[in-house]
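Below: one structure, written as structure tokens.
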């Protein structure tokens, strides 16, 4: 996207480094979200977090009020973004397929099945499975109002 050719020596070195570290699949969540925004990573490889999580009680481990005060607005904005999943296309010559070790079509495997049943990994794994069913459900009685509340919350904070 910077205009540098993928064949430039520094770009080859960068690609080799990225692939040696696992490619796109090994990047952190925010990187995957940014890549999904530009069509360089499949949204199905990003965890589901419906905006309704804003309403978790303050005592709940994933309550937005458990996050640092500076992180809350980012988190709530991210919930809206993850719900709408917008995408802006980049020119074909700016794609980053050469650093995608698994291929964009296999992004859904971002969360590997956990080995044990009772662990944080299994909680997030199975929680994501449940939230994906909810995400596809046509019945979400408070969803639209939740988006409006989230938008007002972002502006007021």
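Rule-based calculations on the coordinates, nothing more; no lab input. Please read these numbers as outputs of a predicted model, since none were measured by experiment. No Cβ is skipped: glycine too gets one built from the backbone with ideal geometry, and neighbour counts run over all protein chains shown.
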Relative to the longest principal axis of the chain, what angle (0 to 90°, nearest 10) does the C-alpha long axis of helix 9-20 take? 50 degrees
What does the helix-only formula give at 222 nm for the chain: each DSSP H stretch with n ≥ 4 adding -39500 (n - 2.57), the total divided by the residues, and the result rounded to the nearest 500 deg cm²/dmol? -13500 deg cm²/dmol
Can you put 66, 15 in order of Cβ neighbours within 10 angstrom, beginning with the fewest? 66, 15
Could you work out how far helix 143-156 tilts from the main Cα principal axis of the chain, as a 0 to 90 degree angle to the nearest 10? 80 degrees
From the list (1) 19.8; (2) 16.4; (3) 17.7, can you say which value of Kirkwood radius over Cα pairs in Å was derived from the structure given? (3)
In a GNM of the chain with a 10 Å cut-off on Cα contacts, which of 37, 82, 29 has the highest mean-square fluctuation? 29
In degrees, nearest 10, the alpha-carbon axis of helix 71-84 is tilted away from the dominant principal axis of the alpha carbons of the chain by 80 degrees
In what order do 157, 143 fall by count of nearby beta-carbon atoms within 10 Å, going from fewest to most? 157, 143
Under the definition of Cα pairs under 8 Å and six or more residues apart, what whole-number percent is the relative contact order of the chain? 31 percent
